[in-house]
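**Q** Please read through the structure below; I'll follow up with questions.
The values are calculated or read from the model by the stated rules, or taken from the named source; none is laboratory data. What you see is a predicted model, and the numbers here were worked out from it, not measured in a lab. No Cβ is skipped: glycine too gets one built from the backbone with ideal geometry, and neighbour counts run over all protein chains shown.
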Amino acid sequence: MNLQEVSLFLVITETRSLTQAAKRQNISAMAVSRRLASLERELGVRLVQRTTRSVSLTQEGLEFLPYARALVDAETGARALFSPSTQDAAGLLRITAPSGFGRRNILPLIPELLADNPRLSIDLQLSEDVVDIVGRGIDVAIRIAPLKDSTLIARKITDNPRVICASPAYLNAQGTPRSVADLIQHNCLRLSSVPQWIFEREGEILRVSVEGRFSSDNVEGVRELCVQGLGIAQFTRWDVTKEIQQGDLIELVLADVEPQALSVWALLPSTRYLPLRVSTFIDKLKSSLTSGINAAGE
């Protein structure tokens, strides 16, 4: 299989245009069309649907996409393996992560990653949406919620249980809840997407309806009002590690339930060949979060 044609196919999937792919590769649109047709003939399938303005992947194109990336990444890795001058991570690293977690725990890592790896570029997409990482060309997705069955490969980075917190000022004024039933007496600040708070009891999931005067689709907003003393809120631990360490928030323990055990996961399209840029990022994130755990325990 011609790797230049495979690489061109990846450019076409990114630009969604034969014309734009030609400009990026500095060749004619006719040459792009010929090389794409050559790859399709070799595979015996149609990879893209062509229109006058854009192209879209066929089902066969979607299925071939992760293999195409693996082939190109494997070639890049093989070249780097035998070139002492190119031992740093290189290429475009595409990451998707929840917005709150990404701003607090991934964005601070970017300057050092780029400084240590001059040939690396990073595209960080922060969103609460669960995206198709294969179809969108994402290298790694950071997920917090419980994982659903899928063909993706999951690597655990660290534990991240749900916790409930309040500011010292709020607890001094309103008292400290000791059980789930006590939550009824408190103003509970909620994420709009999480209408019920989730706990565990004897290994079973327990969903508790809570009431409050404020909700938001943004974890930063809920955290800010919680710090200001407007109520109690439920977060995942990595949303509030800093505030707990500084004493701005206090983690509450309820006698009749336990925090839901969640984790921070890195989801990958495949581990058949893991590009150095991906493993470098995962190692960096894991090291950073581990350092945070150690700091919290001191």
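**Q** Is it the case, given these coordinates, that residue 184 is farther than 27 Å from residue 138 by Cα, β-branched (Val, Ile, Thr) and either outside any loop (DSSP other than H, G, I, E, B) or in contact with a Ser or Thr (Cβ under 6 Å, 6 or more places away or on another chain) (or both)?
**A** Against the criterion (farther than 27 Å from residue 138 by Cα, β-branched (Val, Ile, Thr) and either outside any loop (DSSP other than H, G, I, E, B) or in contact with a Ser or Thr (Cβ under 6 Å, 6 or more places away or on another chain) (or both)), residue 184 qualifies.
**Q** If you go through the stretch 39-52 one residue at a time, do you hit one that is hydroxyl-bearing (Ser, Thr, Tyr) and either touching a residue at least 12 places away in the same chain (Cβ under 8 Å) or touching a Pro at 6+ places or on another chain (Cβ under 8 Å) (or both)? Full working, then the answer.
**A** Kept after step one, since they are hydroxyl-bearing (Ser, Thr, Tyr), are these residues of the stretch 39-52: 51-52.
Checking the rest, the ones that are also either touching a residue at least 12 places away in the same chain (Cβ under 8 Å) or touching a Pro at 6+ places or on another chain (Cβ under 8 Å) (or both) come to none.
No, there is no match, as no residue in the stretch 39-52 is hydroxyl-bearing (Ser, Thr, Tyr) and either touching a residue at least 12 places away in the same chain (Cβ under 8 Å) or touching a Pro at 6+ places or on another chain (Cβ under 8 Å) (or both).
**Q** All but one of (1) crowded, with 18+ Cβ neighbours inside 10 Å; (2) outside any loop (DSSP other than H, G, I, E, B); (3) within 17 Å of the chain's Cα centre (by Cα) hold for residue 274; which doesn't?
**A** Status for residue 274: all satisfied but (2).
**Q** List every residue pair whose Cβ atoms lie under 6 Å apart, where the two residues are 6 or more positions apart in sequence or sit on different chains, the first residue falls within the stretch 1-26 and is closer than 21 Å to residue 67 by Cβ, and the second residue, located anywhere, is among the basic types (Lys, Arg).
**A** 5/35; 8/35; 11/24
**Q** Out of 254, 249, 225, report the one residue that is farther than 19 Å from residue 160 by Cα and not polar (S, T, N, Q).
**A** Numbers: 254 fails: farther than 19 Å from residue 160 by Cα; 249 fails: farther than 19 Å from residue 160 by Cα.
Result: 225 is the single residue among 254, 249, 225 that is farther than 19 Å from residue 160 by Cα and not polar (S, T, N, Q).
**Q** Follow-up. Collect the residues in the stretch 170-217 that are surrounded by 12 or more Cβ atoms within 10 Å (Cβ to Cβ), over 12 Å from residue 232 (Cα atoms) and over 30 Å from the mean Cα position of the chain (by Cα), keeping them in residue-number order.
**A** Residues satisfying the conditions are 178, 180.
**Q** Given (1) in the same structural domain as residue 166 (by TED's automatic domain parsing); (2) in contact (Cβ under 8 Å) with a residue 24 or more places away in the chain, identify the lone condition not met by residue 269.
**A** So the condition that residue 269 fails would be (1).
**Q** Please specify each residue of the stretch 91-149 satisfying the condition of being of a type in the set (Ser, Thr, Tyr) and farther than 30 Å from residue 64 by Cβ.
**A** Quick first cut of the stretch 91-149, residues of a type in the set (Ser, Thr, Tyr) only: 96, 99, 121, 127.
Of everything in the stretch 91-149, just one residue is of a type in the set (Ser, Thr, Tyr) and farther than 30 Å from residue 64 by Cβ, namely 99.
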